[in-house]
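To start, the structure itself, in structure tokens.
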Amino acid sequence: MRIIISGGGTGGHIFPAVAIANEIRRRLPDTEILFVGANGRMEMTRVPDAGYKIVGLDISGLQRRLTPQNLMFPVRVFRSVRKAGKLIEEFRPDAVVGVGGYASAPVLLAATSRAIPSLIQEQNSYAGLVNKLLARRVNRICVAYDGMSKFFPADKLVVTGNPVRTEIASGTRAEALQFFGLDPDKKTVLVVGGSLGARTLNLATAAALARLREAGVQLLWQTGKLYFPEAQKLAAPHQAANLHALEFIQRMDLAYAAADVVISRAGALSVSELCLTGKACILVPSPNVAEDHQTKNALALVSRGAAVLITDEHASARLYDEALRLLADPERQQQLSSRVRELAKPNATTAIVDELLQLISRKS
């Protein structure tokens, strides 16, 4: 069997794509899997790191202002669709999966025009533009949230949840405390701004370091690459108090296990991980995303009493007031934890691959 998985651009697209590929390979080890991404985007390194072959297309999105790149956009789309068509003719996939991102569109256009079974995986509670445009062409649309029929044909929808590494919830608190060198008698805050970091979270956390130390609170602070040198300098005087600035946390399973409260952006992958780990969380949605979809992701939890929301503009003034209040209220932590855990879909990857294999079997 041969499968193409297309899309990327952010960790929120790439990690679910790799999870789907891993589940296919687990069930059918002889399956040939080819990824198609956008040249210059992070999937071109992250996918090979995960052990899969990837081919790049010269495709990017439209800018919000008139630029030479925008004038070339139709040409790039045409070339990318043509290259995607050649890839499909050569690779002859049994099915194509799109996970969103620039590279998803040309590949799915080429596949659906050849009647190849195709499936979209939409991570967010507000559908991405590419997925909305392709919805009527594909055979199946796997979503993470209820109520997505306002974006997609209802007869193609399956609510599966987002693919999340199940091992993300397997860490134990004892192992986590030892791994990070934390004090078991103190509360711990975990701050994650996504795979690239988040400026608002970083600035608010930097301003709160002395306050956290005074309160006897420990910190695991994933800063992202750009802010790390500055964060490292600011956190250095507080190392003895276990306030740790980290560029990237490889062992997120242990970071979640150590945390009493998590402060996070509201990307689809982060939200799904928080549901699976059952962590009391404060969500600060990024305002710099298409259609403000992170706010919609956050509200899907907040409306069920499963998370606290602080807007980006209010984070500098309110974020750590709220975090310290929550840390001092174990009953509220437990309530948030139990409600967010109810929203978890631990079998999402299995369900998506089930749908994909059904499409292939019907075609054959």
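The values are calculated or read from the model by the stated rules, or taken from the named source; none is laboratory data. Here the structure is a predicted model, which means the values were calculated and not measured. Cβ coordinates were reconstructed from backbone atoms using ideal geometry, including for glycine residues, and neighbour counts include every protein chain displayed. Note: areas computed on protein heavy atoms with side chains; ligands, DNA, RNA excluded. Shrake-Rupley method; radii C 1.70, N 1.55, O 1.52, S 1.80 Å.
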Inset, instruction - Excluding Leu87 itself, calculate the net charge of residues whose Cβ lies under 14 Å from the Cβ of Leu87, where each Lys or Arg counts +1 and each Asp or Glu counts -1. - result: +4
Inset, instruction - Give, rounded to the nearest 20 debye, the magnitude of the charge dipole that the range 69-162 has about its Cα centre when Lys and Arg contribute +1 at Cβ and Asp and Glu contribute -1 at Cβ. - result: 380 debye
Inset, instruction - Specify the residue with the greatest mean-square fluctuation among Arg114, Arg165, Arg140, computed from a Gaussian network of the chain linking alpha-carbon atoms under 10 Å apart. - result: Arg114
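In the chain, what percentage of the DSSP-assigned beta bridges are antiparallel, given to the nearest 5? Numbers along the way, then the final one.
Working: 0 of 42 bridges.
Around 0 percent antiparallel, to the nearest 5.
Need one word for the range 79-223: rounded, prolate or oblate. Basis is the Cα gyration tensor (sqrt eigenvalues a ≥ b ≥ c); a/c below 1.5 gives rounded, then a/b vs b/c decides.
Prolate shape, in that a/c is at least 1.5 and a/b is the bigger ratio.
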Legend entry - Point-charge dipole on Cβ atoms (K/R +1, D/E -1) for the range 258-342, about Cα centre, debye to 20: 200 debye
Legend entry - 20 °C / 1.002 mPa s Stokes-Einstein diffusion coefficient of the range 173-291, Kirkwood radius on C-alpha pairs, µm²/s: 150 µm²/s
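Could you state the accessible area per residue of the range 279-354 in Å², with a 1.4 Å probe and every protein chain left in place? Before the final figure, lay out each step's value.
On the way: 3650 Å² over 76 residues.
Averaged over the residues of the range 279-354, the accessible area is 48 Å².
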Legend entry - Percent carbon-and-sulfur accessible area, the chain, ignoring ligands, DNA and RNA, probe 1.4 Å: 51 percent
Inset, instruction - Starting from the Cα of Arg136, step 7 Å along the direction of its Cβ; do the same at Thr350; then give the gap between the two resulting points in nm. - result: 3.7 nm
Inset, instruction - Can you tell me which of 206-219, 10-23, 88-101 comes out highest on packing, and rank the rest after it, using the mean Cβ neighbours within 10 Å? - result: 10-23, 88-101, 206-219
Legend entry - the chain - percent relative contact order, Cα under 8 Å, separation 6 or more: 16 percent
Inset, instruction - Could you grab the relative contact order for the range 259-364? Cα pairs under 8 Å, six or more apart, rounded to a whole percent. - result: 31 percent
Legend entry - Dipole-positive endmost among Ser125, Gln335, Ala135 within the chain (Cβ charges, Cα centre): Ala135
Inset, instruction - Rank Phe151, Ala351, Asn162 by how far each Cα sits towards the positive end of the charge dipole of the chain (+1 on Lys, Arg Cβ; -1 on Asp, Glu Cβ) and give me just the farthest. - result: Phe151
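Provide the per residue accessible area, probe 1.4 Å, for the range 191-264, rounded to a whole number of square angstrom.
About 42 Å² of surface per residue is accessible.
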Legend entry - Extreme residue, positive dipole direction of the chain, given options Leu243, Gly216, Ser286 (C-beta unit charges): Ser286
Legend entry - Eligible lysines near Lys132 by straight Cα distance, threshold 27 Å, same-chain separation 8 or greater: Lys83, Lys86, Lys150, Lys156, Lys296, Lys345, Lys363
Legend entry - Point-charge dipole on Cβ atoms (K/R +1, D/E -1) for the chain, about Cα centre, debye to 20: 1100 debye
Legend entry - Hypothetical label at Arg341: residues of the range 294-327 whose amide nitrogen lies under 11 Å (7 Å Cα-Cβ projection): none
Legend entry - Cα gyration tensor category, rounded, prolate or oblate, for the range 280-324 with a/c compared to 1.5: oblate
Inset, instruction - Compute from the Cα atoms of the chain the Rg and the Dmax, the latter being the longest Cα-Cα distance, and quote both in angstrom. - result: 21.1, 65
